[in-house]
1. Hey, what did the range 22-119 get for relative contact order, percent, Cα under 8 Å, at least 6 apart?
2. Most exposed first by the Cβ proxy, i.e. fewest other Cβ within 10 Å, how do Met29, Met81 rank?
3. Among rounded, prolate and oblate, which fits the range 22-119 when a ≥ b ≥ c are the square roots of the eigenvalues of its C-alpha gyration tensor, a/c under 1.5 means rounded, and a/b larger than b/c means prolate?
4. Enumerate by residue number the trypsin sites (Lys or Arg not before Pro) in the range 29-121 meeting two conditions: DSSP loop (anything except H, G, I, E, B), and at most 13 other Cβ atoms within 10 Å of the site's Cβ.
5. Calculate the spin-label point distance for Asn107 paired with Lys37, positioning each point 7 Å from the Cα along the beta-carbon direction, and give it in nanometres.
6. Using the 10 angstrom Cβ neighbour count as an exposure proxy, how do Val91, Val62 rank, fewest first?
7. Assign one of three labels to the range 79-126, namely rounded, prolate or oblate, based on the Cα gyration tensor with a ≥ b ≥ c the square roots of its eigenvalues; rounded applies when a/c is under 1.5, prolate when it is not and a/b is larger than b/c, and oblate otherwise.
8. How about the range 68-121: which chymotrypsin sites (Phe, Trp or Tyr not before Pro) there lie in a loop by DSSP and see at most 15 other Cβ atoms within 10 Å?
Amino acid sequence: MGRRFLLALVVLLTTVVGLFAVQSGFQAMTIVRASQKTRDRVIYYVVNTPLYREDPYFEVEVSVNGTNILAEYEPRDAWEMLPEPWKPGTVVQGRVEGHSLFLKRPNGTELRFVIVKRTKPARKSK
């Protein structure tokens, strides 16, 4: 009887903890900053001299539930741009799943970002 009770308690606790750990569904997120950046990548070497190419990527920081989330997205081609309305202070719909941040574009499609860092915003001193 004691083992069954303990097993039932463990199953119940893991289920309850699982409900609170994952927050699925879209929620309002405020854009803190959104920018296009580049990083150098070695494409090949010529006589021990590296030749680089700049690869573009997007960096977005959003604020949700008292946490700032910094995420990156590598576009499929060099001509892809961030949506024009995504300016600091804009509220967008988004969701977090594991290490991914999904933000809804104005046309309703989602953009998948890879989460780089989660931080609490700095408190303002009085």
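Values in this text are rule-based calculations from the coordinates and carry no lab data. Here the structure is a predicted model, which is why all the values come from computation and not from measurement. Cβ atoms come from the backbone with ideal geometry, glycine included; neighbour counts cover every protein chain shown.
1. 31
2. Met81, Met29
3. prolate
4. Here the trypsin sites (Lys or Arg not before Pro) that fit, given the DSSP loop and packing criteria, are Arg76.
5. Taking the two extended label points, one gets 2.7 nm.
6. Starting with the residue having the fewest Cβ neighbours, the order is Val91, Val62.
7. oblate
8. Trp79
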